[in-house]
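To start, the structure itself, in structure tokens.
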Amino acid sequence: MKRTLLIFLYIICSVFYNRIVAQDFDNLPTPGEEKVIDNTPDSIAKALMARPAPGSTRVGTNPVLFLIGNSTMRNGTLGNGNNGQWGWGYFFPKYFNANKITVENQALGGMSTRTFYTDLWPAIRQALKPGDWVIVSIGHNDSADFFDQRRARGVIPGVDMDTMIVGFNQRIQKQDTVYSYGNYLRKYVYEIREKGANPILMSLTPRDALDDRGKIVRKPQTEWAAYIAATESVPFIDLNEISGQKLDRFSRWKQLYHFLGDHIHTSKFGAELNANSVAMGIFNSNNPQLKSLKAMMKVDIPFRYITTSGKPRLFFTGDSTVKNADKEDDGMWGWASQASTIFDESKITLINAGRAGRSTRTFIKEGLWERVYDSLQPGDFVTIQFGHNDICPITDAKGRGVIPGTKDTLHVYHMDDGSYEVVYSFGWYLKKMIDDTREKGATPILVSLTPRNEWPGGKIERRDDTYGKWYREVVEETGVEFIDMHNISADFLDKKFAVRRLSDDKEKAREQIAKIKERAGIYFKQDHTHASKLGAQMNAQSFAKGLRASGSELAKYLKK
């Protein structure tokens, strides 16, 4: 009688809970090329074709690491980012030596511990071999209806072994029994071990939800999974806590872009963060059961620029106008190579982190910004100067183009190589670097792009209606320090070479402009964009002039 009453009370509470709390995140508008509702026969059929057959990636007698989860682990029917959202399982294989172990992401969006166990687990269980590993991290969809026609994926909260609910499952059109969250985890653990494989239980990815302290909410499934792991002597990785701590350190703006489309599914940034949290959780665990798995991991030490005792560091970021070949006197030079002509290096360390050919997008995508970010310490300075390569084609092989403007806008692009990428605006990428720099206690300084050797109307080209406008919008929004090198250098060049008025004769006017470009060419090299050594020194002097005029803290490190 007592048990029957308990179940009845649970059903009443469960229905109320589902109405108030449960959210359906799988019906989002898809900005990619397909729109499929997860966890339907159609989506499962497509997903099964897109995923590797369980165990098919095994190399010889090597073990396989199977990933069991939902859309936070493997997003979209095809799992290729065509909806802009990514699951962390896509980025997880890079942390393992493929010559020793393969990682199979068998997760599927929309699944709960219950529906994964009934629909997908049997094939994976059949493929398990002694020595394999299985990570189970699932639960975002477990607080749903028990027997509804569409999905019927809900489970009983908690870890009770005895509690169960019996009813007619409309999805499969037959009587069905529902167990507790913890009991489904037990089933996975028992059956993994029956095959001689090794289970790992893991808490869920964090949601974009804040508690009354302004911290990322920790999910209750963490306690349930930790309890099962402890009672069954299974390694436990608290992904929810590891990633939650990272997100708690971020600004609210940065927290938000780690999610995309809703409050649970992750962008590429969020998926990579979670993949790293999982890898670090395993690698740093003291559980002896994980020793052999850790031996198959490939965890690189993050690249960090040199640390100097007692001196702040000034990092220069940008494209070839910041860092070029910087070798031959008659070659092309980036202005940061000449920073030693304006800064007192006994007081500050100069680090030129620029890279030719990069835009804001590729500087971040290729990990060049991450190197700076990982190196930053309180008291450092960072110049951020991009633009020459940003308004290029978006989908071509170089993939440098960004969305013009500064709004926090994004779009999923189908790249020419067949992949999908979320591309943001020029201003968004600048704001990310500014925000990251401040997070580390360093000072960001936005620098406008260098002028080009173009002279419309007999005066040097000013790009104030595009890049200049966007820089100032970012400055207004973020309050970042701004050095307008573009106009400071342009003023210098106009004073030396501009003409008051071009001839009314078009041919003579063209000749005038050609002569101006030839004379001004001493400050440029090879084309209208890249600087000669003299031009690089001129731009460096413009930077120093801007620092002094703005009253920047960085100005005190300039030479007298």
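The values are calculated or read from the model by the stated rules, or taken from the named source; none is laboratory data. Please read these numbers as outputs of a predicted model, since none were measured by experiment. Note that each Cβ is placed from the backbone with ideal geometry, even for glycine, and that neighbours are counted across all protein chains shown. Accessible surface is based on the protein model in full, side chains and every heavy atom, while ligands, DNA and RNA are left aside. Shrake-Rupley method; radii C 1.70, N 1.55, O 1.52, S 1.80 Å.
If I take R0 = 22 Å and measure r between the Cβ atoms of Glu194 and Val59 in this structure, what FRET efficiency does the formula 1/(1 + (r/R0)^6) give, to the nearest 0.05? Display every interim value, and only then the final one.
Values: r = 24 Å, r/R0 = 1.09.
Using R0 = 22 Å, I get an efficiency of 0.35.
Order these peptides, 137-150, 223-236, 523-536, by their mean beta-carbon neighbour count within 10 angstrom, highest first.
On the way: 137-150: 21.6, 223-236: 18.4, 523-536: 19.9.
Going from most to least packed, we get 137-150, 523-536, 223-236.
Here is the link list: Lys407/Lys533; Lys398/Lys508; Lys215/Lys431; Lys431/Lys459. Which ones come out longer than 30 Å on Cα distance?
Numbers: Lys407/Lys533 36 Å; Lys398/Lys508 40 Å; Lys215/Lys431 22 Å; Lys431/Lys459 32 Å.
Those over the limit are Lys407/Lys533; Lys398/Lys508; Lys431/Lys459.
Counting Lys and Arg as +1 and Asp and Glu as -1, each charge on the Cβ, what is the dipole of the range 338-454 about the Cα centre in debye, to the nearest 20? Don't skip to the answer; put the middle values down first.
On the way: 14 positive and 16 negative charges, 32 e Å.
About 160 debye.
To the nearest 20 debye, what charge dipole does the chain have about its Cα centre, counting +1 at the Cβ of each Lys and Arg and -1 at the Cβ of each Asp and Glu?
880
Quick one: Karplus J couplings for the range 250-261, per residue in order, coefficients 6.51, -1.76, 1.60, θ = phi - 60°, nearest Hz, x for Gly and Pro?
Couplings: 7, 5, 4, 4, 6, 3, 5, 7, 7, 10, 8, x Hz.
Compute the relative contact order of the chain as a whole-number percentage, counting only Cα pairs closer than 8 Å that sit 6 or more residues apart in sequence.
Working: 1097 pairs, mean separation 60.2, N = 560.
It comes to 11 percent, rounded to a whole number.
Out of residues 5 or more away from Thr395 or on other chains, whose amide H comes under 5 Å of its own, with H placed 1.01 Å from N in the peptide plane?
Amide H neighbours of Thr395: none.
Express the Stokes-Einstein translational diffusion coefficient of the chain in µm² s⁻¹, to the nearest whole number, given a Kirkwood radius over alpha-carbon pairs, 37 °C and a viscosity of 0.692 mPa s.
On the way: Rh = 26.6 Å.
Answer from the Stokes-Einstein relation: 123 µm²/s.
Using the alpha-carbon atoms, what tilt in degrees (0 to 90, nearest 10) does helix 221-231 show relative to the longest principal axis of the chain?
Its long axis makes an angle of about 60 degrees.
Can you figure out the FRET efficiency of Glu370 with Lys174, using R₀ = 41 Å and their beta-carbon distance, to the nearest 0.05? Please list the in-between numbers first.
Details: r = 52 Å, r/R0 = 1.26.
Efficiency at R0 = 41 Å is approximately 0.20.
Please get the size of the charge dipole for the range 430-560, origin at its Cα centre, with Cβ charges of +1 on Lys and Arg and -1 on Asp and Glu, quoted in debye to the nearest 20. Could the numbers behind the result be given before it?
Values: 27 positive and 21 negative charges, 136 e Å.
It works out to roughly 660 debye.
Show me the GluC sites (Glu not before Pro) within the range 344-436 that DSSP assigns to loop and that have at most 16 other Cβ atoms within 10 Å of their Cβ. Walk me through the numbers before you get to the answer.
On the way: sites: Glu345, Glu366, Glu370, Glu421; in loops: Glu345, Glu366.
Sites meeting the loop and neighbour criteria: Glu345, Glu366.
Holding the Cα-Cα limit at 29 Å, pick out from Lys129/Lys298; Lys94/Lys129; Lys517/Lys559; Lys469/Lys495; Lys246/Lys556 the pairs that are longer than that. Numbers along the way, then the final one.
Details: Lys129/Lys298 23 Å; Lys94/Lys129 23 Å; Lys517/Lys559 32 Å; Lys469/Lys495 23 Å; Lys246/Lys556 34 Å.
Among Lys129/Lys298; Lys94/Lys129; Lys517/Lys559; Lys469/Lys495; Lys246/Lys556, the Cα-Cα distance tops 29 Å for Lys517/Lys559; Lys246/Lys556.
Output wanted: per-residue J couplings in Hz (rounded whole) for the range 291-306, from phi through Karplus 6.51 cos²θ - 1.76 cosθ + 1.60, θ = phi - 60°, x for Gly and Pro.
With the stated coefficients, the range 291-306 comes to 4, 5, 5, 4, 5, 9, 8, 10, 10, 7, 6, x, 5, 9, 6, 4 Hz.
Where the accessible area of the chain is counted over protein heavy atoms with a 1.4 Å probe, how much of it, in %, is carbon and sulfur? Present the calculation step by step, with values, prior to reporting the outcome.
Working: 13200 of 24910 Å².
Carbon plus sulfur share of accessible area: 53 percent.
Estimate the FRET efficiency between Val299 and Lys508 by the formula 1/(1 + (r/R0)^6), using the beta-carbon distance for r and 56 Å for R0, to the nearest 0.05.
Efficiency, from the Cβ-Cβ distance: 0.25.
Given a 1.4 angstrom probe, what's the average accessible area per residue across the chain, in square angstrom?
Working: 24910 Å² over 560 residues.
It amounts to 44 Å² per residue over the chain.
Considering only DSSP beta bridges with both partners in the chain, what is the antiparallel share in %, to the nearest 5? Before the final figure, lay out each step's value.
Working: 17 of 50 bridges.
Antiparallel bridges make up about 35 percent of those DSSP assigns within the chain.
Find which of Ala123, Gly167, Thr113 sits farthest along the positive direction of the dipole of the range 72-186, computed with +1 on the beta-carbon of Lys and Arg, -1 on that of Asp and Glu, about the Cα centre.
Ala123
Using the per-residue mean of other Cβ atoms lying within 10 Å as a proxy for protection, in what order, highest first, do the peptides 329-337, 404-412, 54-62, 375-383 fall? If you can, show how the numbers build up before the last one.
Details: 329-337: 21.4, 404-412: 15.6, 54-62: 13.9, 375-383: 19.7.
The packing order, highest mean first, is 329-337, 375-383, 404-412, 54-62.
With each label point set 7 Å from Cα along the Cα-Cβ vector, what nm distance links Ala325 and Asp416?
Here the modelled spin labels are 2.6 nm apart.
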